[in-house]
Each structure stands twice: as structure tokens, then as C-alpha cells.
Amino acid sequence: MAKGKNKSDDGGAGAPRIDIGIPDKDREKIAHGLSRVLADTYSLYLKTHNFHWNVEGPMFNTLHLMFMEQYTELWNALDTIAERIRALGYPAPGTYKAFAKLASVEETDGVPEAMEMVRLLVKGHEAVARTVRDAFPVADKGGDESTVDLLTQRLQVHEKTAWMLRSLLK
């Protein structure tokens, strides 16, 4: 992750040093954890959108619409996560190369069958949930309630979505 600019304000024309009550070292660690969450979210967004485009079979309409709801939610979450990284004073990753280094959600080659898509999305949502959980202790230790709240919301979405998808496989 690229370093943010956190130099003290010496009275010049630049922006003042970030002083939101979270030490610089903690902000950097929190931003890195959020960057991993962002990369996983983007990777899962892309996978879900791909599956929306390519799903076939007797459950086409149900899955096509469900995947659209899911990728739309993921797309909207990207801005919230990236903007939190920026509020902490660090650049948000935004390239496939950066996401590939940070993400734990695996890409899918080819076009799987519909129920395999569902299985892969369960695995994807569970992977993001684990990444979110990994980011919690650092945010909590740093006293970053805003990030803890964001992570809690993301965790709820991913756990619920994994459960709903898993229910289709019974």
C-alpha cells in the first residue's frame, strides 16, 4: 500500500496533518485492512456480475435477478470502503494489479453451471467475511469506531448473503 502524506502542518499552504484521534501507525494498518476488504469486495462484485450475465438453466430468472441485487449491493459498498480509506489519509487501491495482490476471492475460469455459480458465490462471500473479521482487531485497537461500524455492516451483508445462497443448494 502506498504511504499517505501525513507531514505536520508547518504553516504552509498544504493541508494540515490528519488529527482525528487515531495514531498514524494505527491509521496505516486500518487502511491496509480496508484495502484488502475493498479488493475482495471488488473481486466478488466482478464474479457476481459475470455470473449474472452468464447464468443459464431452469433457475435463470431467479438467479439472474438475485445476482443483480447482489452485485448492485457490492458495487455500492465499494465507494463506502474506498472513501473510508481516503478519510484515514491513504490512497485506495483501484487497479486490477493492486486488487490481485490484496484479494483472497479467487477468480473463476470459464462459465460454471448455475448451481456451481451459487457454490462459488457462497465461498466468495465467506472469504470476504473472513477478510472483514481480520480487519476488526486493528480497527478496534486503534479506536476507529467508524471503521468498526463499517466492518460490522459489511460482515452482516456477507454472512446473510452466504446463508441465502447456501439455502439454494439444499
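Highest mobility in the GNM of the chain, judged by mean-square fluctuation with C-alpha springs under 10 Å and restricted to 94, 142, 33, is found for 94. What does the helix-only formula give at 222 nm for the chain: each DSSP H stretch with n ≥ 4 adding -39500 (n - 2.57), the total divided by the residues, and the result rounded to the nearest 500 deg cm²/dmol? Dividing the helical sum by the residues of the chain leaves -24500 deg cm²/dmol. Computed from the Cβ-Cβ distance with R0 of 41 Å, the FRET efficiency linking residue 64 to residue 15 stands at 0.35. Take the Cα of residue 167, step 7 Å toward its Cβ, do the same at residue 96, and the gap between the two points is 3.6 nm. For the chain, the alpha carbon positions stretch 66, 27, 22 Å along the principal axes, listed from largest to smallest. For the residues 146, 104, 35, a GNM of the chain with alpha-carbon springs under 10 Å puts the largest fluctuation on 146. Subtracting the Cα-Cα distance of residue 134 and residue 50 from their residue separation scaled by 0.36 nm leaves 27.5 nm. The value of relative contact order for segment 24-168, using C-alpha pairs under 8 Å at least six residues apart, is 34 percent.
Values quoted throughout were computed directly from the atomic coordinates according to the rules given, and no laboratory measurement underlies them. Predicted, not measured: the structure shown is a model, and the values here were computed from it. Note that we place each Cβ from the backbone using ideal geometry, even for glycine, and neighbour counts take in every protein chain shown.
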